[in-house]
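See below for the structure under consideration.
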Amino acid sequence: MGFEEMWHELEPVGRSSASGGYFRQPWTGAEGELRSWFAEAAAARGLRVETDGLGNQVAWWDAGSGDAVLTGSHLDSVLDGGAYDGPLGVVSGLAAIDVLRERGVQPSRPLGVSVFVEEEGSRFGIACLGSRLATGTLDWSTARELRDRDGVFLSDALSAAGLGEGGRWSELDGVGCFVELHVEQGRDLVDRGAAVGVGSGIWPHGRYRFEFAGEANHAGTTRMEDRHDPMLTYAMTALAAHKQARLAGERATFGRVAVEPNGTNAVPSRVTAWLDARASSEGSLSELVDVVIRQAGERAGRDGTTLDVTPESVSGEVAFDADLAARIAADHAEGDWPIIPTAAGHDAGILAAAGVPTAMLFVRNPTGVSHSPAEHAEVADCLVGVSALANTLERLVS
Ligand code: HGY
Ligand code: MN
Ligand code: MN
């Protein structure tokens, strides 16, 4: 069963009939279905599936000896996300193994396809939670205390899903390199007219929780000059963040806000908002965040509100293995694949930071739109991606 058959099997899982977007939050029904699908698709190929206590999976083609080559991505989505972000890399990994077998390739070293859980951090807030725990860059003692929006502890969500607990996963010990294929989240390849690109690195980025506290009061009887309105401080902060990022050519997004008590006819007591900030270097990221925090604090002083800021998830700048990237890019007969940066985080960034030589392949996204039901890639480009991944894996295992 090739790429398209697998893709059609996945398409309905976790898709909203209202928006057409995907709700594949980790340790929920839809994502559990995806975990089972992956195990079955791997078993159908005679691959040995290993699963850790968190639900991370690796499907192994046990061949040869020495350091293993790993490909793969994630199956979880953002809220109301697209079909390709994550699953394209997992399905392409299995399809690439099919291609190698059709070519009669006999790997001289083990080859695996991985699925890391909670890559989006859409439920427990930390991006790449699964790969951070599996590589030991995040401790289980910290992670187990994480709670989702309903107050569910991570450890309880895992036991409800019939799983155990996370931690450093010895299954990754023998991995010599990791190659992740991912739909491009942006228009670089469209603008270059290339079906596939190779990753040069990942922008540093972080998520910061802003808590604005004020004074609840009546929406009608409280004069404007008498208010301590946290919604006003938040609104001015969002404006300031947008302006600062735009001027600096960086990225700042407030996409998630929680208002208490969230009533129509009351000045709120508290507004909690999450800033997703990204920049082309660590220095410009911390400068961007510092400016936003400073301006938010000044505004709070004027509004008689208070501000607390907590970094929730920070990912450092990643430079992929330049030699590996160049070798992969040179694979293309009609001229090298372009080598391009991304401002999107990936499990590949976590493995690279953990010392594993890592590369990424990107597949053209005609509109560049991602983290949206509108995310798309043409089948023809996906198949070019599978072939480029198969070529890369063949060279790495030969
Ligand atoms: O948020 C990101 O950059 C990635 O899509 N998880
Ligand atoms: Mn994503
Ligand atoms: Mn992704």
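Is it fair to say Ala333 is away from ligand 3 (no atom under 16 Å from the Cβ), surrounded by 20 or more Cβ atoms within 10 Å (Cβ to Cβ) and among the small types (Gly, Ala, Ser)? No.
For segment 24-38, the count of residues that are part of a loop (DSSP other than H, G, I, E, B), touching a helix residue (DSSP H, G or I) at 6+ places or on another chain (Cβ under 7 Å), of a type in the set (Lys, Arg) and under 25 Å from Glu184 (Cβ atoms) is at least one.
Within the option set Asp80, Asp85, Asp76, being within 13 Å of ligand 1 (Cβ to nearest atom), in contact with a Pro (Cβ under 7 Å, 6 or more places away or on another chain), under 30 Å from Arg256 (Cβ atoms) and not aliphatic (A, V, I, L, M) holds for one residue only, Asp76. Determine whether segment 254-266 contains at least one residue that is open to solvent by 70 Å² or more (accessible area, probe 1.4 Å) and among the acidic types (Asp, Glu). Within segment 254-266, one or more residues are open to solvent by 70 Å² or more (accessible area, probe 1.4 Å) and among the acidic types (Asp, Glu). The set of residues from segment 342-356 being within 16 Å of ligand 2 (Cβ to nearest atom) and buried (at least 18 other Cβ atoms within 10 Å of the Cβ) comprises Thr342, Ala344, Gly345, His346, Asp347, Ala348, Gly349, Ile350.
Determine whether segment 337-359 contains at least one residue that is more than 21 Å from Leu393 (Cα to Cα), in the same structural domain as His182 (by TED's automatic domain parsing), of a type in the set (D, E, K, R) and within 16 Å of the chain's Cα centre (by Cα). No, segment 337-359 contains no residue that is more than 21 Å from Leu393 (Cα to Cα), in the same structural domain as His182 (by TED's automatic domain parsing), of a type in the set (D, E, K, R) and within 16 Å of the chain's Cα centre (by Cα).
Given the condition closer than 19 Å to Gln25 by Cβ, open to solvent by less than 50 Å² (accessible area, probe 1.4 Å), more than 16 Å from ligand 2 (Cβ to nearest atom) and more than 19 Å from the chain's Cα centre (by Cα), answer yes or no: does some residue in segment 178-191 qualify? No, segment 178-191 contains no residue that is closer than 19 Å to Gln25 by Cβ, open to solvent by less than 50 Å² (accessible area, probe 1.4 Å), more than 16 Å from ligand 2 (Cβ to nearest atom) and more than 19 Å from the chain's Cα centre (by Cα). Considering segment 30-63, the residues that are open to solvent by 60 Å² or more (accessible area, probe 1.4 Å) and not hydroxyl-bearing (Ser, Thr, Tyr) include one that is nearest to the chain's Cα centre (by Cα), namely Glu33.
Thr310 meets each of the listed conditions (1) surrounded by 14 or more Cβ atoms within 10 Å (Cβ to Cβ); (2) in contact with a strand residue (DSSP E or B) (Cβ under 8 Å, 6 or more places away or on another chain) apart from (1).
The values are calculated or read from the model by the stated rules, or taken from the named source; none is laboratory data. In this text the structure is predicted, and so the values were computed from the model without any measurement. Note that we place each Cβ from the backbone using ideal geometry, even for glycine, and neighbour counts take in every protein chain shown. Protein only, heavy atoms only, side chains kept; ligands, DNA and RNA dropped before computing areas. Shrake-Rupley method; radii C 1.70, N 1.55, O 1.52, S 1.80 Å.
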